[in-house]
Amino acid sequence: MSSPPAAGGEESPTPTFANALRAEIIKLRSHRPTWVLAGFVLVLLGLVLFALSQDVVIRSELPSRPLAALDQALPAVQFVFAAGAGVVLLTSSSRLVGMEYALGTIRVVLGRGTTRSQLVLAKLAAALLLGSLLLVVYAFLTAVGLTLLTVHLAGSTAPIGVMPATGWRQLGLAVLSCAASVVSCTAVGVGVGAATRSLTGGMVLSILFFPLDNALALVLRAAYARDHLDVLRSVSALLLGPTLNRLPGLLTGQAAASGAVLPTPMVRLTGGESLGVVAGWFLVLLAMALAVSARRDVLA
Amino acid sequence: MSSNAAIELQGLGKRFGRRTAVEDLDLTVGRGEVFGFLGPNGAGKTTTMRMVLGLVRPSAGRLRVLGGAIPEDSAEVLPRVGPLVETPALYLHLSGSDNLRVLAAELGGVPPGRIPELMELVGLSDRAGDRVSRYSLGMRQRLGLAVALLHRPALLVLDEPANGLDPAGIREIRALLRQQRDRGTTVFLSSHVLGEVERVCDRIAILRRGRLAYTGTVESLRGSAGWFRVGLDDADQALIWLRDQPWGSDAHLGESGLVDVRSPTGRGRDLNLALAGAGFVADSLTAVQRDLEAAFLELTEGEG
Ligand SMILES: Nc1ncnc2c1ncn2[C@@H]1O[C@H](COP(=O)(O)OP(=O)(O)OP(=O)(O)O)[C@@H](O)[C@H]1O
Ligand SMILES: [Mg+2]
């Protein structure tokens, strides 16, 4: 311990939301497992694109009817994003919150004046940025992959040029439903992290969230088949996972891969209503995360 | 409450369920003081420090830090506080420097040059790029101190900062605390290393089962019991008489035939008068400075 720093107490650092966000980005950026997992999602995308290049429907339709080929290709691409990016975001956002309690760093951060709500919001924002980055990179690589596939199968990019407007609209809606997954997974991760204040507990519960609420949808379906209580149908419409499963199909009108295999709500909501359910979950989870952070003693 | 104080606790209390951790604590730490906060394990030191930092809500009482109320004014006050609570809390997957970088980002306004400067200050320059998960306990403690000093706080709240440090590290901390005091920084320090506390603290408080058992200087704590060492020709006779006195019951034969005894009033002259009145003339009479450990144990042990 050598040269003394200069005079004390004269600086007035100000923890703000922007500063907190900057710090969260550094924490996220330097966490290697998150990026390994994200890389793995891109590897999966590569595999899906390869499988699509072997698909008979796509091989026959793409040169002449690009829309039909797109309908065939999109659900699988979307499903891989929802599941893969979902796992990345659930684990990284719950980890971002739980880590502070597990390491005890929460007392350093809060003990210097960053407020509890600033911290929760900064973590949410950082995780949303990660989700957006994943979505942009994934969408870009998908676009590149599908273009190469087109050139490979049709000899030129001509089919893309003649794709009808509905095709472009479907692509946009596919991105929208992926964004709904991003927002949902981030909110679940942050909410569960804030409630459990634990690293492993938070990560495990976040990962289990969607399996559990999909299972609940199946239970509700079985219960409805027996008792025919309308309330069971209504409750099923409020479940987050099943809503997300159906969302791609609802928005684009295609047969979504996830909606075909995974449970969906028993009530058929419109795409807009389904987005409303997603927004509702987001707000409820955020309010819960803020509330549980606000008053509880920090004993980590 | 005077705004001149760095920390003011009034009737502060904290209960965890049915267990009382801190009770009715009144304490003032002046600006620029190095203040020692002592007490046995579980006395409530860490809990008090957590309340000062706004991490734990008091169940009773009021507290002000650097002139602001906690938790109401936390956002204005806490950025001027440097905390090190219990074991240093660090991001294990980041390097030492990156830990400082993250926290500098959190606060804003820390010049980048400060980080290598601090790593140098705490003797971690050559390990600055290593992940903290590979640091030893003492190295983490050193980094924790750097974290506390990062934004040149006006008040340092240090919970057992010497924990895990080697002798050189302990000496460095002592130098660092003095340096901080010279710069006008207030230091609120808990420690079990009484020798260190004695060397650096202007005043101390001793907690016992959540309650204040003593506040004042180390000097007056050591002198406060009013013990004297008396040279007497007929020590054996004198001891018999002394033990019969209400104030002398614990008199005993000390080193080299001298008698150790308390004064009836705490003052040497009154002991001398009492002895002379009983026909025992003292050859010599000196005040005994107890060591801090003995005084500490006397205050904190036993029923309460
Ligand atoms: N989260 C908690 N729940 C219940 N009791 C607690 C909690 N935290 C602290 N306590 C209790 O509060 C009392 C004071 O604990 P505290 O950690 O403040 O002591 P301390 O003086 O810092 O002790 P040490 O010297 O061992 O660090 C203890 O009886 C402890 O068991
Ligand atoms: Mg303690």
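The values are calculated or read from the model by the stated rules, or taken from the named source; none is laboratory data. Keep in mind that what you see is a predicted model, and the values were worked out from it rather than measured. Reconstructed Cβ throughout: ideal geometry from the backbone, glycine too, with neighbour counts over all protein chains shown.
Annotations for the structure displayed:
- For the range B:175-195, the candidate set comprises residues that are more than 16 Å from ligand 2 (Cβ to nearest atom) and surrounded by fewer than 20 Cβ atoms within 10 Å (Cβ to Cβ); within that set, the residue that is farthest from B:LEU53 (Cα to Cα) is B:GLY195.
- Checking each residue in the range B:223-246 for being touching a strand residue (DSSP E or B) at 6+ places or on another chain (Cβ under 6 Å) and either among the charged types (D, E, K, R) or in a loop (DSSP other than H, G, I, E, B) (or both) picks out B:GLY226, B:ARG229.
Conditions tested, residue by residue: (1) under 29 Å from A:ARG32 (Cα atoms); (2) surrounded by fewer than 21 Cβ atoms within 10 Å (Cβ to Cβ).
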| position | (1), (2) |
| --- | --- |
| A:LEU133 | yes, yes |
| A:ALA139 | yes, yes |
| A:ALA143 | yes, yes |
| A:THR147 | no, yes |
| A:ILE160 | no, yes |
| A:CYS178 | yes, no |
| A:CYS185 | yes, no |
| A:GLY193 | yes, no |
| A:SER198 | yes, yes |
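- Residue pairs meeting the criteria (Cβ under 9 Å; at least 6 apart or on separate chains; first under 12 Å from B:VAL193 (Cα atoms) and outside the structural domain of B:GLU33 (by TED's automatic domain parsing), in the range B:156-169; second at pLDDT 90 or above and assigned to a loop (DSSP other than H, G, I, E, B)): none
- For the range B:146-155, the set of residues classified as within 9 Å of chain A (Cβ to nearest Cβ) and not in a loop (DSSP other than H, G, I, E, B) consists of B:VAL147, B:ALA148, B:LEU149, B:LEU155, listed by residue number.
- Residue within the range B:55-76 that is more than 22 Å from A:ILE106 (Cβ to Cβ) and β-branched (Val, Ile, Thr) present: no
- Count of the range B:181-196 residues which are facing chain A (nearest Cβ under 10 Å) and either free of Cβ contacts under 8 Å to residues at least 60 places away in the same chain or within 16 Å of ligand 1 (Cβ to nearest atom) (or both): 2
- In the range B:49-70, the residue that is farthest from ligand 1 (Cβ to nearest atom) out of those that are of a type in the set (Val, Ile, Thr) and within 21 Å of the chain's Cα centre (by Cα) is B:VAL65.
- Restricting the range B:40-95 to residues that are in a strand (DSSP E or B) and farther than 26 Å from B:VAL193 by Cα, the residue that is farthest from ligand 2 (Cβ to nearest atom): B:SER95
- Leading residue by the ranking (farthest from ligand 1 (Cβ to nearest atom)) among those in the range B:197-221 that are touching a Ser or Thr at 6+ places or on another chain (Cβ under 6 Å) and not in a loop (DSSP other than H, G, I, E, B): B:ARG203
- Lone unmet requirement of (1) touching a helix residue (DSSP H, G or I) at 6+ places or on another chain (Cβ under 8 Å); (2) farther than 30 Å from A:PRO75 by Cβ; (3) in a helix (DSSP H, G or I) for A:LEU285: (2)
- Contact map, the range B:44-58: first residue over 17 Å from B:ARG209 (Cβ atoms), second residue within 6 Å of ligand 1 (Cβ to nearest atom) and assigned to a helix (DSSP H, G or I), Cβ cut-off under 9 Å, separation 6 or more or different chains; pairs are B:VAL56/B:THR47.
- All of B:GLU117, B:GLU172 fail the test of being more than 16 Å from ligand 2 (Cβ to nearest atom), within 18 Å of B:ARG101 (Cβ to Cβ), surrounded by fewer than 21 Cβ atoms within 10 Å (Cβ to Cβ) and at the interface with chain A (Cβ under 9 Å from one of its Cβ atoms), apart from B:GLU117.
- Evaluated against (1) buried (at least 16 other Cβ atoms within 10 Å of the Cβ); (2) away from ligand 1 (no atom under 16 Å from the Cβ); (3) more than 14 Å from every other protein chain (Cβ to nearest Cβ), B:GLY164 falls short on exactly one condition, (2).
- Residues considered: B:THR217, B:THR265. Of these, the only one that is surrounded by fewer than 17 Cβ atoms within 10 Å (Cβ to Cβ), among the β-branched types (Val, Ile, Thr) and assigned by TED's automatic domain parsing to the domain that holds B:PRO167 is B:THR217.
- Where helices (runs of 4 or more DSSP H) sit wholly within the range A:1-101, those with at least 1 residues that are modelled with pLDDT of 95 or more occupy A:17-29, A:32-53.
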